[in-house]
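Below is one structure; the comments refer to it alone.
The values are calculated or read from the model by the stated rules, or taken from the named source; none is laboratory data. Note that the structure is a prediction, hence the values are computed from the model and not measured. Cβ atoms come from the backbone with ideal geometry, glycine included; neighbour counts cover every protein chain shown. Note: areas computed on protein heavy atoms with side chains; ligands, DNA, RNA excluded. Shrake-Rupley method; radii C 1.70, N 1.55, O 1.52, S 1.80 Å.
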Amino acid sequence: MNSTWKVYVLALVSFLVGTSNYIISGVLDRIAETMGTSVAAAGQLITVYSLAYAVGTPILMALTAKMDRRKLLLYSLGLFIIANLLTFILSGFGLFIAARIITALGAGVVTVNALSIAAKIAPPGKQASAIANVTMGITASLIIGVPLGRMVASAFGWKAVFLAIAIVGVIAMLVISAVFPRLQGDKPVPLIKQFALLKKPQVLVALAITFFWLGGYSLAYTYISPFLLEVTHLNESLISAALFVFGIASLIGSKVGGYSADKRGIIFTLVSGMVLHVISLILLSLVGRSIIAVFAILILWSFAAWSSAPAQQFNLVSLVPESSGVMLSLNSSMMQLAMAVGAGIGGLIVNRVSLASITWFGVFGVLIAIIAVFVLSSMASRHSAVQTAD
């Protein structure tokens, strides 16, 4: 098997990880019904998952830095598969939470390791494309995995989704074991050195952009299925289609965001994307029961939200280019933390205010992110002025 096909196998693995992560939002109403709990309580499954991912991934990657990459990928993928099987087999909300924690720990190491291996096995000059292909697997999970999972859940029950993920994961594991070469581990980067970057004010503000942008997004997206069912009154047959359209828009938004960051600059791309993000969340709360309008606003929301992702990654790498890997790792943890907090706060809002109000609170988070973009831009301008004066 040549390196291109090996990268596609890694993309499949990242697709499985992304589907296992995002599908919770896609079937949240069904989980709540089956578990005999509220939608808000079920939403905390995302909080638990994201916290375990954010905290556990950098620690586990630091502890296993010297391990052979192929072996580490197999071990972490095995843990991920076992966790998905436990989700399918076990009953009870408490055990489901435990299974999600194990899933997150395996998923975090699988994702980071898959990106690392893709760069190492790609031909010279094609490393970036290989990484992009693996990342596309996660995007594809939004486009294909979530709506397909919703359809599987409707036909066979939501737990069947996790059984399917485990089965395909075993196939991927066998392929990796058979055809992937042994790959030497990396030189460990101590956690203290990684977190030392947090002492820089510009880095903190840049990470705050990620936190509030994705936190505002997560606050609303976590409860997207019950929101569409109960607030906009889409029927069950249209939910999968809505999630599919949402995923397609996220892919287009990501592509356009990357192009815009190169051509128009980081600040323009971030601000314009977040302004559209705010507008779409406001419109979603006002749209009523028009199916065409709901679909149009979902497209705008997903396009706008994900146009910020490549620009923000480029933003962080540009701040500390000599530590780009560490910055991306910190951003990955911050993204998961933002999703955890967004889902947690969203649960409180659903319980104490209303399901319909979550989009307005999401708007508040994104507005803070926009302010943070301008603060970072001002800090960068002052820094440049000082350097010029010196």
(message) How big is the range 98-174 along each principal axis, measuring the range of its Cα positions in Å and listing the largest first?
(response) 45, 26, 22
(request) Could you work out how far apart the two model spin labels at residue 241 and residue 119 are, taking each label as a point 7 Å from the Cα in the direction of the beta carbon, and quote it in nm? (result) 4.3
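What number comes out for accessible area per residue over the chain if the probe is 1.4 Å? Units Å², please.
Numbers: 16480 Å² over 390 residues.
Heavy-atom SASA per residue in the chain reads 42 Å².
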(request) Taking a cut-off of 29 Å between Cα atoms, list the lysines near residue 193, but don't count ones fewer than 8 places away on the same chain. (result) 66, 71, 120
(message) Can you work out the Karplus-derived ³J(HN,Hα) for every residue in the range 154-160? Use 6.51 cos²θ - 1.76 cosθ + 1.60 with θ = phi - 60°, whole Hz, and x for glycine or proline.
(response) 5, 8, 10, x, 5, 5, 4
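Within the chain, what whole-number % of the accessible surface is contributed by carbon and sulfur, with the 1.4 Å probe and all protein chains included in the calculation? Walk me through the intermediate numbers first.
Numbers: 11620 of 16480 Å².
The value for the chain is 71 percent carbon and sulfur by accessible area.
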(request) With a point put 7 Å past each Cα toward its Cβ, work out how far residue 264 is from residue 184 in nm, to one decimal. (result) 4.5
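Between residue 279 and residue 255, what FRET efficiency follows from the Cβ-Cβ distance if R0 is 25 Å, with the result rounded to 0.05?
Numbers: r = 21 Å, r/R0 = 0.83.
According to the calculation, E is roughly 0.75.
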(request) Tabulate in residue order the Karplus-calculated ³J(HN,Hα) for the range 350-367, using 6.51 cos²θ - 1.76 cosθ + 1.60 with θ = phi - 60°, rounded to whole Hz; enter x for Gly and Pro. (result) 4, 6, 9, 10, 5, 5, 5, 8, 5, 5, 5, 5, x, 4, 4, x, 5, 4
(request) Per residue of the range 72-88, in order, report the coupling 6.51 cos²θ - 1.76 cosθ + 1.60 (Karplus, θ = phi - 60°) as ³J(HN,Hα) in whole Hz, putting x for Gly and Pro. (result) 5, 5, 5, 5, 5, 5, x, 5, 4, 5, 4, 5, 5, 5, 4, 4, 6
(message) Quick check: pseudo-label points 7 Å beyond the Cα along Cα→Cβ at residue 357 and residue 204, how many nm apart are they?
(response) 3.1
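How much length, in nm to one decimal, is gained on full extension between residue 82 and residue 4, taken as 0.36 nm per residue of separation minus their Cα-Cα distance?
Between residue 82 and residue 4, full extension yields an extra 25.3 nm.
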